[in-house]
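The values are calculated or read from the model by the stated rules, or taken from the named source; none is laboratory data. Treat the numbers as computed from the prediction; the structure is a model and nothing was measured. When we count neighbours, we look across all protein chains shown, and the Cβ atoms used for this are built from the backbone with ideal geometry, even at glycine.
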């Protein structure tokens, strides 16, 4: 498995879990995502974008990272360009860090839909802000390594058919969830969390680090 970390410009909180996740991965930064590299102790192999959001000062050898410059007026976001580059380099697993938050909700939403599209293409993908993690669901039963009492939600982008959730305070078995329903928001882990989805598009969004601290 070829594992890549994609650094985006959204919120990113350093946590022990995130540090473990990025260890041993190849790294590509997208525009302002370069600012997270120093915090995580990473040196990307490539930095892509139109560079309209570049930090004024770069340290730790980051100013020497290879750049691939694109015009400001283009058909892909800097984040999608970084993902495309990772795939061209053989990525089979993507940790997209800095995918949530920031001033552009449209970008955050795009990252969710992009992750689901990638998962449908067979790519192992997770979105993270450090404090929150998003994983697309699939027909195959997926296991999650979250502690008991971790809050999670299943967010549907369509009607969901055959949604099953095990190891939860409120388990579900092959249920149908109408599009736009809040039924699957704010569940809690109880034991070994597992989930699957027969039909539809959805993401399991977990909060492994509560807001009150790490």
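In this structure, residue 179 qualifies as touching a strand residue (DSSP E or B) at 6+ places or on another chain (Cβ under 7 Å), surrounded by fewer than 15 Cβ atoms within 10 Å (Cβ to Cβ) and either in contact (Cβ under 8 Å) with a residue 24 or more places away in the chain or under 25 Å from residue 110 (Cα atoms) (or both).
For the structure I just gave you, tell me whether residue 40 is farther than 18 Å from residue 125 by Cβ and buried (at least 18 other Cβ atoms within 10 Å of the Cβ).
So residue 40 fits the description; yes.
For first residues located in region 126-139 and on the phi > 0 side of the Ramachandran plot and touching a residue at least 24 places away in the same chain (Cβ under 8 Å), partners that are outside any strand (DSSP E or B) and crowded, with 23+ Cβ neighbours inside 10 Å and lie 6+ apart or on another chain with Cβ distances below 6 Å form the pairs 130/12; 130/18.
Of the residues making up region 1-25, those that are without any contact (Cβ under 8 Å) to a residue 40 or more places away in the chain and not in a helix (DSSP H, G or I) are 23, 24.
In region 182-189, the count of residues that are outside the structural domain of residue 113 (by TED's automatic domain parsing), surrounded by 15 or more Cβ atoms within 10 Å (Cβ to Cβ), under 18 Å from the mean Cα position of the chain (by Cα) and farther than 18 Å from residue 117 by Cα is zero.
Of the set (1) assigned by TED's automatic domain parsing to the domain that holds residue 42; (2) within 22 Å of residue 15 (Cβ to Cβ), all apply to residue 105 but (2). Condition check for residue 28 on (1) over 14 Å from residue 127 (Cα atoms); (2) out of contact with any helix residue (DSSP H, G or I) (no Cβ under 9 Å at 6 or more places or on another chain); (3) not in a loop (DSSP other than H, G, I, E, B): one failure, at (2).
Among the residues of region 197-208, how many are over 15 Å from the mean Cα position of the chain (by Cα) and within 17 Å of residue 133 (Cα to Cα)? Let's see the steps before the verdict.
Step one: of region 197-208, the residues over 15 Å from the mean Cα position of the chain (by Cα) are 197-201.
So of that shortlist, the ones also within 17 Å of residue 133 (Cα to Cα) come out as 201.
Going through region 197-208 one residue at a time, the tally reaches 1.
Within region 60-71, residues that are assigned by TED's automatic domain parsing to the domain that holds residue 34 and at pLDDT below 80 have Cβ atoms under 6 Å from residues that are in a helix (DSSP H, G or I) and surrounded by 13 or more Cβ atoms within 10 Å (Cβ to Cβ) in these pairs: 60/38, counting only partners at least 6 apart in sequence or on another chain. Looking across 178, 210, one residue alone is modelled with pLDDT under 95 and on the phi < 0 side of the Ramachandran plot. It is 210.
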